[in-house]
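What follows is a set of notes on a single structure, which appears directly below.
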Amino acid sequence: MRRYGLRTFALGYLVVILLAPVAVIFYRAFEHGFWPAWHAVTTPDAKHAFLLTIELALIAVPLNTVFGVIMALLIVRHRFPGVGFVNAVVDLPLALSPVVVGFSLLLLYGRQGWFGHWLIAHGYRVVFAMPGMVLATIFVSLPFVVREVVPVLREIGTDQEAAASTLGSSGWQTFRRITLPAIRWAVGYGVVLTTARALGEFGAVSVVSGRIVGQTETLTIHVQAAYEGFDLVGAYAASVVLALLAVATLVLMTLLKPKEETR
Amino acid sequence: MGIAARNVTKRFGDFTALDGVTVEVETGSLTALLGPSGSGKSTLLRVIAGLERPDAGTVLLDDRDVTGLPPQERGVGFVFQHYAAFKHMTVADNIAFGLTIRKRPKSEIRERVAELLALVQLSPFGDRYPAQLSGGQRQRMALARALAVEPSVLLLDEPFGALDARVRKELRVWLRRLHDQSKVTTVIVTHDQEEAMEVAERIVVMNEGRIEQEGGPQELYESPASEFVMSFVGPVNRLDGALVRPHDVEVAIEPNGATEEAMVERIVHLGFEVRVELVRADGAPLWAQLTRDQEQELELAEGQIVYVRPARATVFDH
């Protein structure tokens, strides 16, 4: 009996905390039928916001994936002074509020900022433009690949890599043929989390973007703007798009994962 | 000379794993590095393979100085205690790995892999994954993988250490036969003196980063250079400052001049061998190794008083 009690509790918790809010969004978006929602997400501004969000993710995710794998290799496979510091700093984006990240970027790259002054004098805009938003997105979505890959690298140990090297394999060949296949699921899961984070980012990007409609407005900012402008259907519909993107990412991952390796 | 390591020193932090070790291994021989854990035997093997960089000293393979070379340029085969199987590859792909890296033609690789699968008696298992093999099969696969690239030197790091006793014994015999056929210069690291004696024609005993003694199995057993070697290559009793092998303890029913009194505490039958555990008058324990026939002739019983005498004792200067 107690078992059922626990199950009911777990399910109830999920429904109340996770599913109900998402369900309400879907309900509200399509309350007046499909077409109002469709029109709301196909306005030029909404489409631009959608494409901008995808673009940011397409830049941030590959960079953080490559960086994450290199970082994980450094942390696990190399002994150097300061490795503990590196390991701790990687988690900074998880601990730091995105809004603070946004402001720190403003302080660095803004008109009065340390780098910003020089950059603007030489004709580069970082803040209130694409580069700043890319930096913010990369910052907040940085730890996920590292965090997924590090424990797996620890678990597989160095024997396989050592064996490959005695068999004539160079460092790069060993990485490609031995290490990468061994960590591929960790990398994949890290990529999913990174993507989800990049798509959903609001705080940091909101601060550095300047929220210029049709220019630096991402999908999350678009939701907020629509809501503030009493365009409730627009806000709900754009939210649905964000939710669908998240679901698509998860489904893609599940499809990529072959059945035999679910352990 | 197949392998020569000269004055090799290796430290890990404060710990000195190897302290100026010099070892030579003749081409085509099978040598065992024997010692307790922490004696430096595995480190020495890894230094030879290039998996560890020595702090001082040189390594020569077939008279070529390889000290500065990475493992992939040394032409060694290495077998790890825990197999180091490439889990995401089939058995055949595991074995083919070194050849694939060397970009040999596909047909040649296929032929060679089939040959090696037969050699290690895994022909039906080429398409399986390592996870579907037993420990002994996995280690045979690892051996085939190491042999595939025709290494000038084969290095085995406690290769049977993770296997159960029966499989271990089988693989020892099999390895010895394999070596007799292939004649690849081989070094096997082990902490099991029986394994070293059964497999190797030459044994290097190591302790605390140094070499205690080198020699053939019989030489080490019969004329150990130190107390450490004597007690490591076989069981010993301590008798009035001397070391005595249990099979050199003579047990008699009647006293006979030089004999000492002892009480039979326990008799353990191990098939052909019988272990007689004794306590001397002063309370010191002692055990004698008798054959079954000897024991039956003496008609020993637990609690009985007998008279013991070392047939052969060794005293080391400290």
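What about B:L45, is it more than 14 Å from every other protein chain (Cβ to nearest Cβ) and touching a residue at least 24 places away in the same chain (Cβ under 8 Å)? No, not satisfied.
Just one of (1) touching a residue at least 24 places away in the same chain (Cβ under 8 Å); (2) in contact with a His (Cβ under 9 Å, 6 or more places away or on another chain) fails for A:A40. It is (2).
Being touching a Pro at 6+ places or on another chain (Cβ under 9 Å) and within 20 Å of A:V22 (Cβ to Cβ) is a property that A:V233 has. As a summary of the residue check, B:K87 satisfies the conditions (1) within 14 Å of chain A (Cβ to nearest Cβ); (2) free of Cβ contacts under 8 Å to residues at least 40 places away in the same chain; (3) farther than 30 Å from B:A4 by Cα except for the one numbered (2). For region B:51-71, a residue qualifies if it is under 26 Å from B:F160 (Cβ atoms) and at the interface with chain A (Cβ under 8 Å from one of its Cβ atoms), and the qualifying residues are B:L51, B:P71.
Just to check your reading of the model, which residue among B:A142, B:A131 is among the aliphatic types (A, V, I, L, M), within 14 Å of chain A (Cβ to nearest Cβ) and surrounded by 13 or more Cβ atoms within 10 Å (Cβ to Cβ)?
Values: B:A131 fails: surrounded by 13 or more Cβ atoms within 10 Å (Cβ to Cβ).
Testing whether each residue is among the aliphatic types (A, V, I, L, M), within 14 Å of chain A (Cβ to nearest Cβ) and surrounded by 13 or more Cβ atoms within 10 Å (Cβ to Cβ) leaves just B:A142.
Pairs meeting the criteria (first residue in region B:233-244 and over 14 Å from B:Q289 (Cβ atoms), second residue polar (S, T, N, Q), beta carbons under 8 Å, at least 6 apart or on different chains) are B:V233/B:Q193; B:A242/B:T314; B:L243/B:S231; B:L243/B:N237; B:L243/B:T314.
Given A:L73, A:L108, which one is more than 24 Å from A:W172 (Cβ to Cβ) and surrounded by 16 or more Cβ atoms within 10 Å (Cβ to Cβ)? After ruling out the rest, the residue left standing is A:L108.
Would you check if there is a residue in region A:145-154 being over 29 Å from A:R77 (Cα atoms) and either outside the structural domain of A:V89 (by TED's automatic domain parsing) or not small (G, A, S) (or both)? Before you say what the answer is, go through the steps one by one.
Just the residues of region A:145-154 that are over 29 Å from A:R77 (Cα atoms), to begin with: none.
Checking region A:145-154: not a single residue is over 29 Å from A:R77 (Cα atoms) and either outside the structural domain of A:V89 (by TED's automatic domain parsing) or not small (G, A, S) (or both).
Among the residues of region B:76-95, those identified as in a helix (DSSP H, G or I) and crowded, with 24+ Cβ neighbours inside 10 Å are B:V91, B:N94, B:I95. Helices (runs of 4 or more DSSP H) fully within region A:9-108 that include at least 1 residues being within 15 Å of the chain's Cα centre (by Cα): A:44-77, A:92-95. Among residues of region B:194-216 that are on the phi < 0 side of the Ramachandran plot, those with a beta-carbon under 6 Å from a residue that is buried (at least 22 other Cβ atoms within 10 Å of the Cβ) and part of a loop (DSSP other than H, G, I, E, B) at least six positions away or on a different chain give the pairs B:M206/B:G35; B:M206/B:S39; B:M206/B:G40; B:N207/B:G35; B:N207/B:S39.
Picking from B:L116, B:L99, which residue would you name as being more than 11 Å from every other protein chain (Cβ to nearest Cβ) and either surrounded by 18 or more Cβ atoms within 10 Å (Cβ to Cβ) or of a type in the set (G, A, S) (or both)?
On the way: B:L99 fails: more than 11 Å from every other protein chain (Cβ to nearest Cβ).
On inspection, the qualifying residue turns out to be B:L116.
Screening A:G113 on (1) farther than 21 Å from A:V213 by Cα; (2) small (G, A, S); (3) surrounded by 13 or more Cβ atoms within 10 Å (Cβ to Cβ); (4) under 18 Å from the mean Cα position of the chain (by Cα) shows it passes everything except condition (4). Filtered by the rule that a residue be over 14 Å from the mean Cα position of the chain (by Cα) and either under 19 Å from B:G2 (Cα atoms) or not in a loop (DSSP other than H, G, I, E, B) (or both), region B:20-43 gives B:G20, B:V21, B:T22, B:V23, B:E24, B:V25, B:E26, B:T27, B:G28, B:S29, B:T43.
Which of the residues spanning region B:1-44 are of a type in the set (A, V, I, L, M) and closer than 19 Å to B:M197 by Cβ?
Passing the criteria: B:V23, B:V25, B:L30, B:A32, B:L33, B:L34.
Wholly within region A:129-238, which helices (runs of 4 or more DSSP H) include no fewer than the required count, namely at least 1 residues that are of a type in the set (G, A, S), touching a strand residue (DSSP E or B) at 6+ places or on another chain (Cβ under 9 Å) and buried (at least 21 other Cβ atoms within 10 Å of the Cβ)? Once the helices (runs of 4 or more DSSP H) in region A:129-238 are filtered for at least 1 residues that are of a type in the set (G, A, S), touching a strand residue (DSSP E or B) at 6+ places or on another chain (Cβ under 9 Å) and buried (at least 21 other Cβ atoms within 10 Å of the Cβ), what remains is A:159-166.
The values are calculated or read from the model by the stated rules, or taken from the named source; none is laboratory data. Every value quoted in this text rests on a predicted model; they were computed, and no experiment measured them. Glycine gets a Cβ as well: all are built from the backbone with ideal geometry, and neighbour counts include every protein chain shown.
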